[in-house]
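The values are calculated or read from the model by the stated rules, or taken from the named source; none is laboratory data. Treat the numbers as computed from the prediction; the structure is a model and nothing was measured. Neighbour counts run over all protein chains shown; Cβ positions are idealised from the backbone, glycine included. Note: accessible area is taken over every heavy atom of the protein model, side chains too, but ligands, DNA and RNA are not part of it. Shrake-Rupley method; radii C 1.70, N 1.55, O 1.52, S 1.80 Å.
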Amino acid sequence: MILKYYPYTLQLKEVFTLSSNSRSTTPIVLTEIEHDGITGYGEASLPPYLGETQESVIKFLSKINLNQFKDPFDLDEILNYVDAIDEDNNAAKASIDIALHDLTGKMKNISCREMFNLKEGKSKLTSFTIGIDSINNIKRKVENASEFKILKVKLGRGDDKEIISAIRETTNVPISIDVNQGWRDTNYAYEFTDWLTDKNILFIEQPFPVDWFDETAQLKERILIPIIADEAVKTNKDINNVKDYYSGINIKLMKSGGLREAYKMMIIAKQLGLKILLGCMTETSCGISAASQLSSPADWLDLDGALLINNDIFEGTKIVNGEVVVSNLPGIGVNKI
Ligand code: MG
């Protein structure tokens, strides 16, 4: 097996970077694992808050020697070896996990969904993210997002009511809220979530800092809107810490280290009665198509990452009228453009 990797920079579409302080690019590293003339594709997407960089990913990937493995289907053995090279580096690990699943799916001519014995299920809606911005820009973004049946809104900057009210002047579609740990006052959270009661809210993601366990649990007990852990959970090892305090977890391949771990997290979450949100970073259709293979057990999808960029180099799973249409191609389901 031959491993190749190269850095790439995603350019965000202008409509999503209206505010002057928003980032216009996201660094990623693309991977390819080749065996017997077949190539599997993978991706490490690197939002700054997770701490990985193109340099750290390339450093990690340079330590991997896949020549020692003769059979790509020794998936567990290979991924355990990669996992043991160093701790963390989860996006780098995900880029190997995704490429290896893509390769082995293509070799067997089956999709990764079938490799995990998941049902096809009917198409699910994805939310579409409206980032932090001025009220006027948020209104413009919402008008531009009219094809989406669920909006995801970033809150936690002090103008939460203004943002929700502005969106509700334009549309009544369900809204999921992501606070990104931004609330620091339980009374504020109580008052605001009471106000949200009749606003058609699906769930609230990471309302408080990750170490505010009791505050999170008290909010969960107080309201009917589910509270979802994002920054508080990366891999299955974190689920035990959050299971009594949240209603569900946000699973992302770049946090978990790939499909194998994300699938394991889904099994555990189901057993514990936790809701599952399947999310993403700003990614190409490589990362999004890989994640979409696991969409059937998820309660909600937040797989809009590839819609935000204007230099995707893959095509696979598509978003059509706000629905995730999972690619039928083998492996993770992508072709390189
Ligand atoms: Mg989040």
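Quick rundown of the values:
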quantity: DSSP bridge orientation in the chain - percent antiparallel, rounded to nearest 5; calculated: 55
quantity: Spin-label zone in the range 318-337 - amide nitrogen under 18 Å from a point set 7 Å from the Cα of GLU120 along the C-beta vector; calculated: 318-320, 323-334
quantity: Lysine pairs meeting the criterion (Cα under 21 Å, 8 or more apart or interchain), as found in the range 20-111; calculated: 6
quantity: Candidates ASN311, ASN180, ASN250, ranked by Gaussian network fluctuation over the chain, Cα under 10 Å, top entry; calculated: ASN311
quantity: Fraction of accessible area attributable to carbon and sulfur, the chain (%, probe 1.4 Å); calculated: 46
quantity: Amide H contacts under 5 Å for PHE203, placed H, 5+ residues apart; calculated: ILE177
quantity: Pairwise FRET efficiency - TYR190 versus ASN144, Cβ, R0 = 22 Å, nearest 0.05; calculated: 0.10
quantity: Helix 259-272 axis, angle to the chain major axis (alpha carbon atoms, nearest 10°); calculated: 50
quantity: R0 of 35 Å, Cβ-Cβ distance ILE135-ASP86: FRET efficiency to nearest 0.05; calculated: 0.20
quantity: Net +/- balance of residues flanking LEU75 in space, Cβ distance below 10 Å, scoring K and R +1, D and E -1; calculated: -4
quantity: Kirkwood estimate for the chain, i.e. one over the average of 1/r between Cα atoms, Å; calculated: 20.3
quantity: For the chain, built as a Gaussian network whose Cα springs stay under 10 Å, the top-fluctuating residue of THR25, THR39, THR235; calculated: THR25
quantity: Max mean-square fluctuation residue, GNM over the chain, Cα-Cα springs under 10 Å, options GLN206, GLN11, GLN271; calculated: GLN271
quantity: For the range 2-110: relative contact order, % (alpha-carbon pairs under 8 angstrom, 6 or more apart); calculated: 31
quantity: Relative contact order of the range 115-336, pairs being alpha-carbon contacts under 8 Å that are 6 or more residues apart, as %; calculated: 19
quantity: Rounded FRET efficiency, nearest 0.05, which uses the C-beta distance separating LYS4 from ASP214 and R0 of 45 Å; calculated: 0.40
quantity: Point-charge dipole on Cβ atoms (K/R +1, D/E -1) for the range 2-110, about Cα centre, debye to 20; calculated: 400
quantity: Proximal aspartates and glutamates relative to LYS237, as straight alpha-carbon distance under 12 Å, when same-chain residues fewer than 8 apart are discounted; calculated: GLU261
quantity: Rounded to whole Hz, the Karplus (6.51, -1.76, 1.60) HN-Hα couplings of the range 51-59, x for glycine and proline; calculated: x, 8, 10, 4, 5, 5, 5, 5, 4
quantity: Tilt relative to the chain, helix 213-222 - C-alpha long axis, 0 to 90 degrees, to 10; calculated: 60
quantity: Size of charge dipole - the range 115-336 - debye, nearest 20, with Cβ of Lys, Arg +1 and Asp, Glu -1, no other charges; calculated: 680
quantity: Per residue, in Å², the accessible surface of the range 115-336 once ligands and nucleic acids are set aside, probe 1.4 Å; calculated: 40
quantity: Principal-axis tilt of helix 135-144 within the chain, Cα atoms, nearest 10 degrees; calculated: 50
quantity: Potential lengthening between ILE110 and GLU162 on full extension [0.36 nm per residue; Cα-Cα distance subtracted]; calculated: 13.9 nm
quantity: Simple Cβ-charge dipole of the range 106-197, Lys/Arg +1 and Asp/Glu -1, about Cα centre, in debye nearest 20; calculated: 660
